[in-house]
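Reviewing the structure listed below.
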Amino acid sequence: MSELVVDLPTRRATIALARALARVVQPGDLYVIAGPLGAGKTFLVRAVCRAIGLDRSVRVTSPTFTLVHEYPTVPPVIHADLYRVDSDSGVEDLGLVEQRDRGNVLFVEWGGAHVEALGGDAVMIELGVAPRRARVRSTGPVSAARVEALRSSTSGLADA
């Protein structure tokens, strides 16, 4: 398992992390984002989407009530929020694994309990607020490669 810690004292630092993520995302990747309300989960996804070409006129909002938003980026991004989904079968009903299989990148808020139902091998991003930082870790070989690429891409931002 690979792990990286990045301090995020400002919005600019979070945008820099998002740009670094944008340089390493590959079709079919899974990024699971955790953290308390207000930690910046949706802000991070929005910044990644902008960094991979989403037009500024397209709003990137939390999918809390709709559960899934799709964005026409390259590769395409599926942004999901599983806070209200209480079972793996509920996750399967959303068709997120099929979206990964089609080459879409999944950014999933509140998905930690459902990593296997999402297809496994995830980059886990835990955002903290006191202090503001991101702890990024892998759960398998593909995600470990992404975390190591992210480590190289965030030199100067990485704390540990």
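Miscellaneous remarks
- Cα gyration tensor, the stretch 3-153 - rounded (a/c under 1.5), prolate or oblate: rounded
- Relative to its Kirkwood radius, the Cα radius of gyration of the stretch 76-149 gives an Rg/Rh of 0.97.
- Förster radius 30 Å - calculated FRET efficiency between SER155 and SER62 (Cβ-Cβ, nearest 0.05): 0.45
- Each residue of the stretch 76-85 is assigned a 3J(HN,Hα), and the resulting list reads x, 10, 10, 10, 10, 10, 9, 3, 8, 9 Hz, derived from the Karplus form 6.51 cos²θ - 1.76 cosθ + 1.60 (θ = phi - 60°), x at Gly and Pro.
- Extension reserve of the ASP101-SER87 stretch, reckoned as 0.36 nm per residue once the Cα distance is removed: 2.9 nm
- Electrostatic dipole magnitude of the chain [Cβ: Lys, Arg +1; Asp, Glu -1; Cα centre; debye, to 20]: 940
- Antiparallel %, DSSP beta bridges [both residues in the chain], to 5: 55
- In percent, rounded to a whole number, the relative contact order of the chain is 37, using alpha-carbon pairs under 8 Å and six or more apart.
- Dividing the summed helix terms, -39500 (n - 2.57) for each DSSP H run of n ≥ 4, by the number of residues in the chain produces a 222 nm estimate of -9000 deg cm²/dmol to the nearest 500.
All of the numbers you see were taken from the coordinates with simple rules; none came from a lab. These figures come from a predicted structure and were not determined experimentally. All Cβ positions, even for glycine, are placed from backbone atoms using ideal geometry, and neighbour counts span all protein chains on display.
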